[in-house]
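Worksheet: one structure, shown below.
The values are calculated or read from the model by the stated rules, or taken from the named source; none is laboratory data. All values derive from a computational prediction rather than experimental measurement. Because the Cβ atoms are built from the backbone with ideal geometry, glycine has one as well, and the counts that use them run over all protein chains shown. Heads up: the accessible areas ignore ligands, DNA and RNA and are worked out on the full protein's heavy atoms, side chains in. Shrake-Rupley method; radii C 1.70, N 1.55, O 1.52, S 1.80 Å.
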Amino acid sequence: MNNGSSTMDFILLGFSEWPQLERIISVLVLIFYVVILVGNTMIILVSNLDPKLHTPMYFFLSNLSFLDLCYTNSVIPQMLVNLWGPDKSITHLRCMMQASIALDLGATECLLLAVMAYDRYAAVCQPLHYTVIMHPQLCNKMVITSWLSAVGCSLSISLLTFSLPRCGHQKVDNFFCEILDLIKTACAYSKVLEVVVLALSVVFLLVPLSAILISYGVITRTVMRIKSATRWRKLLNTCGSHLTVVTLFYGALMSMYMKPQNNSMQNEGKFIALVYMILIPSLNPLIYSLRNKDVKNAVKKILCVKIWSEKL
């Protein structure tokens, strides 16, 4: 620990075992960071500026993009500072905020993806009643519930984690303040914390995943009855993007958390977490825009209006 750092500071070891890789990783992270900022900002702007995209699907998508922006901005700037300089420390307060925000936004994304799956179910299985089922008030309530319900849970876990005695163990074997790695630095076992983490993992991981699987099970059954090739393609375009994002998101989460928690797997976990943090938020806008003509047309329209206004 540096002489100028507080005794309460944490040391993020990150990729310090491979100093020759730190510069390469920092360049890659910076490139993906720019892609995340541009791509997700574009999705938010397009969804709000084009009247044709004022639908529940794009309302949820813009919230997902905003969530990705919040998540990356809470972690990547500090990560780049630590990668570029010799100082790997992070203050106790900043570490607590980073852990709480990451936990909160991860849980919120699970709920948002479940809400989007329900939206796809309503669009495919109840097309005639879709506008009645997914009315704006319900959409707002579902989004607000998704954002707020995870706040109290993430704060409770974070407070319990940071209240544990550490006996001078301030080194975190990761590139950001991840809650499981922080629990490992404690020198005391907390049964309460273990039960809380297990219960909330079921609520925010397994319950939304079950809802998504049920929704797509019903959608699949409905689609199997359709004989029209045109409608098949339309349904695949409607659900394919969301299903791709769900697969990437839950695949990364399971790789991170459903593996043996031992030192031999720690380095592998760092790279999986890195992929989860920079790859998925950068792919979300590409997946939705490349597979969706409405988004591409809206982007072209906005760019054409901007170019025309500049010429005038």
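Could we say that PHE32 is of a type outside the set (A, V, I, L, M), over 16 Å from the mean Cα position of the chain (by Cα), modelled with pLDDT of 90 or more and part of a helix (DSSP H, G or I) here?
So PHE32 does not fit the description; no.
Would you point out which residue out of THR131, THR108, THR41 is part of a helix (DSSP H, G or I), over 18 Å from ILE179 (Cβ atoms) and under 17 Å from the mean Cα position of the chain (by Cα)?
From the options THR131, THR108, THR41, the qualifying one is THR41.
For the subset of segment 159-181 comprising residues that are open to solvent by 70 Å² or more (accessible area, probe 1.4 Å) and closer than 20 Å to GLY14 by Cβ, which member is nearest to the chain's Cα centre (by Cα)?
This residue is LYS171.
Would you please name the residue that is least open to solvent (accessible area, probe 1.4 Å), looking only at residues in segment 80-93 that are part of a helix (DSSP H, G or I) and either under 29 Å from CYS239 (Cα atoms) or free of Cβ contacts under 8 Å to residues at least 40 places away in the same chain (or both)?
VAL81
Within segment 182-217, take every residue that is outside any helix (DSSP H, G or I) and exposed (fewer than 14 other Cβ atoms within 10 Å of the Cβ) and give me the one that is modelled with the highest pLDDT.
CYS187
Name every residue in segment 94-113 that is within 20 Å of SER241 (Cβ to Cβ) and either open to solvent by 20 Å² or more (accessible area, probe 1.4 Å) or β-branched (Val, Ile, Thr) (or both), in order of residue number.
THR108, LEU111 - these are the residues of segment 94-113 that are within 20 Å of SER241 (Cβ to Cβ) and either open to solvent by 20 Å² or more (accessible area, probe 1.4 Å) or β-branched (Val, Ile, Thr) (or both).
Check ILE43, ILE25, ILE90 and return the single one that is modelled with pLDDT under 90, within 29 Å of LYS301 (Cβ to Cβ), among the hydrophobic types (A, V, I, L, M, F, W, C) and in contact with a Leu (Cβ under 8 Å, 6 or more places away or on another chain).
Details: ILE25 fails: within 29 Å of LYS301 (Cβ to Cβ); ILE90 fails: within 29 Å of LYS301 (Cβ to Cβ).
After applying the criteria, what remains is ILE43.
Search segment 147-174 for residues that are closer than 23 Å to ALA273 by Cβ and pair each with any residue that is at pLDDT 85 or above and charged (D, E, K, R) when their beta-carbon atoms are under 7 Å apart and the residues are at least 6 apart or on different chains.
Every condition considered, the pairs that remain are ALA150/ASP104; VAL151/ASP104; SER154/ASP104.
Kindly indicate whether LEU69 is under 21 Å from GLY39 (Cα atoms), more than 14 Å from the chain's Cα centre (by Cα) and not small (Gly, Ala, Ser). Step through it out loud before you land on a result.
Numbers: under 21 Å from GLY39 (Cα atoms): yes; more than 14 Å from the chain's Cα centre (by Cα): no; not small (Gly, Ala, Ser): yes.
Judged against the criteria, LEU69 is not a match.
Report yes if some residue within segment 64-79 is in a helix (DSSP H, G or I), more than 30 Å from ASP9 (Cα to Cα), open to solvent by 10 Å² or more (accessible area, probe 1.4 Å) and touching a residue at least 40 places away in the same chain (Cβ under 8 Å); otherwise report no.
no
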